[in-house]
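Since the structure comes first, as structure tokens, the remarks are kept for the end.
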Amino acid sequence: MATIYDFTVLNTKKEPVKLEEYKGKVLLVVNTATGCGFTPQYEALENLYNKYKSQGLVILDFPCNQFGEQAPGTEEEIVTFCQLKYKVSFPQFAKIEVNGENESPVFTYLKENAPAEELSGLKAKATDVMLKKISKTYKKENDIKWNFTKFLVDKEGGVVKRYAPTTKPEDIEKDILKLL
């Protein structure tokens, strides 16, 4: 059975990184953007990372420019922005695509193993309709809807849960603690 450890990604210098380096760690994998309304979540992600990294939490940051072109910079510009504005110290990787024909195999795996959450309520359904109209890549039910979708992965490399962009990192803390 496949796990997240079967994949290799590129770091911000475009060098390959085998995700098996993170075996035995609890991972929070996030597709991010530096010019998004959710960008301030970097601060909460960094707080979570600092609070639990000694216990085995690692946050993996994958910038993505597919949603409103809100991650337009180079890898170097993104890293500099994140370090200066939010003091980000968790691993950051090269920009990727999370939906469509050029999507990262890691995100294909994550999406297949943590389906999109069920939408309930008029507000959620209206938001979904709006996102499908403005996103060029959110077409299928299981697609990533927007920046800052988060995936929690256990110490064995299995995907535990997907969280919507609107889920604040601090609201995932109890789920992280169960896995640590």
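Annotation: N102 fulfils all but one of (1) open to solvent by 10 Å² or more (accessible area, probe 1.4 Å); (2) under 28 Å from L180 (Cα atoms); (3) in a loop (DSSP other than H, G, I, E, B); the unmet one is (2). Every listed requirement among (1) open to solvent by less than 60 Å² (accessible area, probe 1.4 Å); (2) within 27 Å of E43 (Cβ to Cβ); (3) at pLDDT below 95 is met by M130 save one, (1).
Starting from region 18-46, take each residue that is under 18 Å from P169 (Cα atoms) and list its partners that are hydroxyl-bearing (S, T, Y) and part of a helix (DSSP H, G or I), counting only C-beta distances under 7 angstrom and pairs at least six apart or across chains. So the pair list comes out as Y42/Y86; E43/Y86; E46/Y86.
Taking region 28-47 as the range and being crowded, with 19+ Cβ neighbours inside 10 Å and among the aliphatic types (A, V, I, L, M) as the test, the residues that pass are L28, V29, V30, A33, L45. Could you tell me whether any residue of region 2-15 is surrounded by fewer than 19 Cβ atoms within 10 Å (Cβ to Cβ) and free of Cβ contacts under 8 Å to residues at least 12 places away in the same chain? Yes, region 2-15 has at least one match. If you filter region 58-67 down to residues that are open to solvent by less than 10 Å² (accessible area, probe 1.4 Å) and in contact with a helix residue (DSSP H, G or I) (Cβ under 6 Å, 6 or more places away or on another chain), you find that the one that is nearest to D171 (Cα to Cα) is I59. In region 32-51, which residues are of a type outside the set (S, T, N, Q) and within 18 Å of G73 (Cα to Cα)? Passing the criteria: A33, G35, C36, G37, F38, P40, Y42.
The values are calculated or read from the model by the stated rules, or taken from the named source; none is laboratory data. In this text, all values refer to a predicted model and were calculated from it rather than measured experimentally. Note that we place each Cβ from the backbone using ideal geometry, even for glycine, and neighbour counts take in every protein chain shown. Calculation scope for accessible area: heavy atoms of the full protein, side chains included, ligands and nucleic acids excluded. Shrake-Rupley method; radii C 1.70, N 1.55, O 1.52, S 1.80 Å.
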